[in-house]
Amino acid sequence: MKKKINVNDYAGRITEALPKGILLCTNGEKFNAMTIGWGGIGTNWSIPVFTVYVRESRYTKSLLDRTGEFTISVPLGEPDPKINGVCGSKSGRDTDKVSEAGLTLEPPTTINTPGIREYPLTLECKVLYVQPQELDRLPKEIVERFYPQNVPGTFPMANRDPHTTYIGQIVDAYIIE
Ligand SMILES: Cc1cc2nc3c(=O)[nH]c(=O)nc-3n(C[C@H](O)[C@H](O)[C@H](O)COP(=O)(O)O)c2cc1C
């Protein structure tokens with residue numbers, strides 16, 4: 001069962017959950033979930049959007065670029081340390097995160113990327129805009145802190161890779177019950 005929601009009613013909750021880690025889900029040759037701590041719910045082109053920032057070498061990026069859609073999955077209480085840990089440290093390139101993190105997939109309604117029962121607050125999004133960030137347009141302190149050039153892009157946390165900004169239209173929003 002899915003309970004439809006008005007995203008505006010949950011914007012505060014999503015914003016509070018973000019720094020603790022929510023999931024960005026993609027579905028290409030297989031389903032994958034990646035922990036994200038940066039992002040934002042908002043309005044652009046007069047429609048509700050969710051924006052995510054994905055580093056170059058993430059497996060998630062290759063799936064996003066291929067499918068042009070993603071699902072955002074947010075826990076209603078505290079995040080599960082095992083789920084956030086597995087999805088935030090292992091790459092879907094060489095791990096099946098569904099079995100390793102113990103995720104239960106829920107069929108989507110509007111796009112092709114499932115949601116996750118364990119993180120029931122779900123936003124289905126279609127990518128409208130993709131923009132690679134340019135490090136030389138950022139303040140030096142941010143580049144030094146978040147883009148250490150001696151760390152390879154395969155490292156799960158901060159590394160040399162810039163982020164790409166993806167703005168997705170929220171086409172469906174619900175709570176999995
Ligand atoms: C709390 C937390 C927040 C994170 N936020 C982001 C993020 O916003 N963007 C990003 O590219 N990686 C972020 N990561 C790192 C990815 O989750 C991690 O590199 C993951 O293993 C990539 O998975 P994938 O290769 O299957 O896409 C975060 C990790 C953690 C633990």
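Scan around Thr109 for amide H atoms under 5 Å from its own, H built in the peptide plane at 1.01 Å from N, and keep only partners 5 or more places away or cross-chain.
Here the answer is none, since no amide H 5 or more places off falls under 5 Å of that of Thr109.
Cut-off 10 angstrom, C-alpha nodes, Gaussian network model of the chain. Which of Pro107, Pro120, Pro139 fluctuates the most?
Among Pro107, Pro120, Pro139, the largest mean-square fluctuation in the Gaussian network model of the chain belongs to Pro139.
Expressed in nm to one decimal, what extension gain is obtained for the pair Thr51 and Val127 from 0.36 nm per residue of sequence separation less their Cα-Cα distance?
Extra length available between Thr51 and Val127 comes to 26.4 nm.
Kirkwood hydrodynamic radius for the chain: how many Å is it when counted over pairs of different Cα atoms?
16.3
Counting other Cβ atoms within 10 Å, which chymotrypsin sites (Phe, Trp or Tyr not before Pro) in the stretch 1-59 have at most 14 and lie in a DSSP loop?
Here the chymotrypsin sites (Phe, Trp or Tyr not before Pro) that fit, given the DSSP loop and packing criteria, are Trp38, Trp45.
Tally Lys and Arg at +1 and Asp and Glu at -1 over the other residues with C-beta under 12 Å from the C-beta of Lys126: what net charge comes out?
Overall, the nearby charge balance is -3.
Enumerate lysine pairs in the chain that are 8 or more residues apart or on different chains, then count those whose Cα atoms are under 16 Å apart.
Lysine pairs, 8 or more places apart or on different chains, close enough: 9.
Order of 89-98, 151-160 by packing, highest average Cβ count within 10 Å first?
Per-residue mean Cβ counts within 10 Å order the peptides as 89-98, 151-160.
Taking the Cα centroid of the stretch 1-46 and of the stretch 101-161, what is the distance between the two, rounded to the nearest whole Å?
Result: 11 Å between the Cα centres.
Just want to confirm a number: the relative contact order over the stretch 50-177, from Cα pairs under 8 angstrom separated by 6+ residues, in percent.
36
Please list, in order, the residues from the stretch 1-32 whose amide nitrogen is less than 18 Å from a point placed 7 Å along the Cα→Cβ vector of Thr154.
Output list for this probe position: empty.
Every number here is computed from the coordinates shown, using simple stated rules; none is lab data. Quantities reported herein were computed from a predicted structural model and do not represent experimental measurements. Neighbour counts run over all protein chains shown; Cβ positions are idealised from the backbone, glycine included.
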